[in-house]
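The values are calculated or read from the model by the stated rules, or taken from the named source; none is laboratory data. Please read these numbers as outputs of a predicted model, since none were measured by experiment. As a convention, Cβ positions derive from the backbone with ideal geometry for all residues, glycine included, and neighbour counts pool all protein chains shown.
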Amino acid sequence: MTDEEVEGRFNAAVGLHRAGRTGEAVSVYREILSVRPGHGHAAYNLGVALRSLGRTREAIDIWSGLAEREPDRVDALLGLSRAYRSLNDDVRSLDFATRAAALRPHSGDAHNLRSNALRSLGRNTEALAALDAAVAAEPGYALAHSNRGHLLSALKRHAEAVESYRAARALEPSLPDLTGALLDQQMRCCDWRDFGVLQEEVRDGVRRGEPVTIPFTFLAHNDDPADQMACVRTHLKGRFPDWPPAVWTGQTYRHDRIRVGYVSSDLRVHAVSQLLVGLLERHDRSRFEIHAYALPPQAEDDMRARVQAACEAFHDVSDLDDAGIAAALRADEIDIAIDLNGFTTHCRPGVFVRRCAPVQINYLGYPGAMGAVAADYILADHTVIPKEESGSYDEKIIRLPFAYQPNDDRRVIADRTPTRAEAGLPDTGFVFCSFNASYKITPPVFDVWMQLLHEVPGSVLWLLGGDAVIETNLRREAVERGVDAARLVFAPKAPLPDHLARHRLADLFLDTLPYNAHTTASDALWAGLPLVTCTGRSFAARVAASLLRATGLPDLVTTSLEDYRDLALALARDPGQLKALKARLAANLPAAPLFDTDRTRRQVETAYEIAWRRRLAGLEPRSFDVPEDA
């Protein structure tokens, strides 16, 4: 074959490749290499084509040979870095990206790939430096700006993340999840520039099926369960364009006890374990064999030790990829796998998309749908998912009779209550408080809070502190609404027993919308502090109502922000009514279903048994209610 004929065949292969006829292009590239083994462009393109077909190992072989023949071939090194990254081999990915960056220091792509690998290896400082190098090398490289935002977000440097995301949007606004990430980071530092505009942009993009946000951050500013389900479907489609093969393929396990596997990254000092640990400790071991699978990050703390002691088998799977974790559950013949993460930080939905167990349940960690491809059931209650919203969930719904949320009735509250002065509170005046995370505070809710401060002279609003940017932004927002910035008081972080004790200094807890207080609501009620909530339509917007009803305080549930404001104002103006309310809460606590850990345990176990019996009978999952007398 002459040189002219080779180039003609190469151009034909490129045409096939661009037309999407990748398999045919592979054949022509191989034909060229059979007569011209040193044709670097054909070799590189063959690797690209093979990888697009999912044949990553073959692509690695091709690019490795090319890099050996042509050590300065940067595109081959970058291809190898990406390929090893896709195989979760970050050490090799980093090596090839570093070699590429050394050969081409002005390649933003090389520095970006280095950063990706470094971040996965836990070397965040170096990862950020690599992204800084990428941006310096190519200021117009939108992906590097976006990834810099992601890394700064993980480092909780939210205001800096905002600026990186804004830079990325100015360059390439259609990058996946970018608009949602920007809005999320602005909410986390209470930077409400363009809040309404961004909120609508994300919602409209979700309704068009565009990957504009991730499911978890969407919950904080959207209250439509159908929108949330649409977001989940788009996210799963983008995350798993080709569904991985199932690990469990219909085998029937015959065990003396039902094997339950709890899978979570939060089996440590975390709100999920804080709620769940009592249930784990009380599981009926005559009927259930309890396993836990700890995802990264690794942790060694008192809560991890307590969870580990509560389980018959505790598996640290932090070194395994999704396929390996799914295989581990299959090897252990887990009957019911419980996903405690959903789409929260460190989540691993790929474990559940691979069908790791006969029954898979979405529970506790994520207040929303995961989709039927990842979960057969979502464990809920009659309040968080009312019957009229059932159609907005792809999973089948198991409704517990009281609250879906378990609680640990052994949670300790410090004996000593700090003084108001020690807590930074004024000596007198009504104390409204809201110890929710900053991203849950929305402008409409903050408007109501400022109205309450206007209407109740001498009152203050007590919030979680610890971040100077958040405090500055909220104080500025207060001043813009005519409220003295000094009337916002920020509580520093404290150990949980001390944090619970300082609730005694507050008069009334004010909830947020559309993402309610969840664990923070249980904290307040357990500490004897009444909470006023406003319900929305979504799961996340109805949790506090569920908890109040399960504590015998349904009269603190409102359905509009106007009613929410009026109820809070009435309680603040009537000390006698508020005192009676606190006395009622104190009287209800010993028998309240919300804090009856063993009752919740019995109901959860009944839910597991019913779901398991349906599977044993060969029946498809279906929604059902757990009876009160479970």
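Taking segment 556-600 as the range and being under 20 Å from Leu400 (Cα atoms) and among the charged types (D, E, K, R) as the test, the residues that pass are Asp596, Asp598, Arg599. When segment 436-456 is filtered for residues that are more than 15 Å from Cys190 (Cβ to Cβ) and in contact (Cβ under 8 Å) with a residue 40 or more places away in the chain, the ones remaining, listed by number, are Val448, Gln451, Leu452, Glu455, Val456. Scanning segment 288-341 for residues that are in a helix (DSSP H, G or I) and closer than 29 Å to Ser86 by Cβ yields Asp322, Ala323, Gly324, Ile325, Ala326, Ala327, Ala328, Leu329, Arg330, Ala331. The single condition from (1) in contact with a Leu (Cβ under 8 Å, 6 or more places away or on another chain); (2) charged (D, E, K, R); (3) closer than 20 Å to Ala540 by Cα that Arg411 fails is (3). When each of Gly209, Gly149, Gly140 is tested for being modelled with pLDDT of 95 or more and over 30 Å from Thr512 (Cβ atoms), the lone residue that passes is Gly140. Among the residues of segment 512-538, which ones are assigned to a strand (DSSP E or B) and among the polar types (S, T, N, Q)? Correct list: Thr533 only.
Here the condition is being loosely packed, with under 13 Cβ neighbours inside 10 Å and in a loop (DSSP other than H, G, I, E, B); of Pro627, Pro590, it holds for Pro627 alone. Among the residues of segment 457-481, those identified as within 18 Å of Gln185 (Cβ to Cβ) and either touching a residue at least 40 places away in the same chain (Cβ under 8 Å) or out of contact with any Pro (no Cβ under 9 Å at 6 or more places or on another chain) (or both) are Asp467, Ala468, Val469, Ile470, Glu471, Thr472, Asn473, Leu474, Arg476, Glu477.
For segment 482-496, a residue qualifies if it is over 18 Å from Gly466 (Cα atoms) and surrounded by 14 or more Cβ atoms within 10 Å (Cβ to Cβ), and exactly one does: Val483.
Yes/no per residue for (1) over 28 Å from the mean Cα position of the chain (by Cα); (2) among the aliphatic types (A, V, I, L, M); (3) within 24 Å of Ile338 (Cβ to Cβ):
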| position | (1), (2), (3) |
| --- | --- |
| Arg542 | no, no, yes |
| Ser546 | no, no, yes |
| Ala550 | no, yes, yes |
| Leu553 | yes, yes, no |
| Thr558 | no, no, no |
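Residues being of a type in the set (Asp, Glu) and more than 32 Å from the chain's Cα centre (by Cα): count how many of those fall in segment 403-452. Of the residues in that region, 3 qualify. In the set Pro406, Pro444, Pro401, only one residue is touching a Pro at 6+ places or on another chain (Cβ under 8 Å) and either over 24 Å from Ala494 (Cβ atoms) or not assigned by TED's automatic domain parsing to the domain that holds Val277 (or both); that residue is Pro401. The residues listed here are Val317, Val232, Val269, Val263; of these, the one that is within 18 Å of Thr345 (Cβ to Cβ), in the same structural domain as Leu182 (by TED's automatic domain parsing), among the β-branched types (Val, Ile, Thr) and under 20 Å from the mean Cα position of the chain (by Cα) is Val232.
Filtering segment 136-154 down to residues that are touching a helix residue (DSSP H, G or I) at 6+ places or on another chain (Cβ under 6 Å), surrounded by fewer than 21 Cβ atoms within 10 Å (Cβ to Cβ) and among the aliphatic types (A, V, I, L, M), which residue is nearest to Ser107 (Cα to Cα)? Per the criteria, the residue is Ala137.
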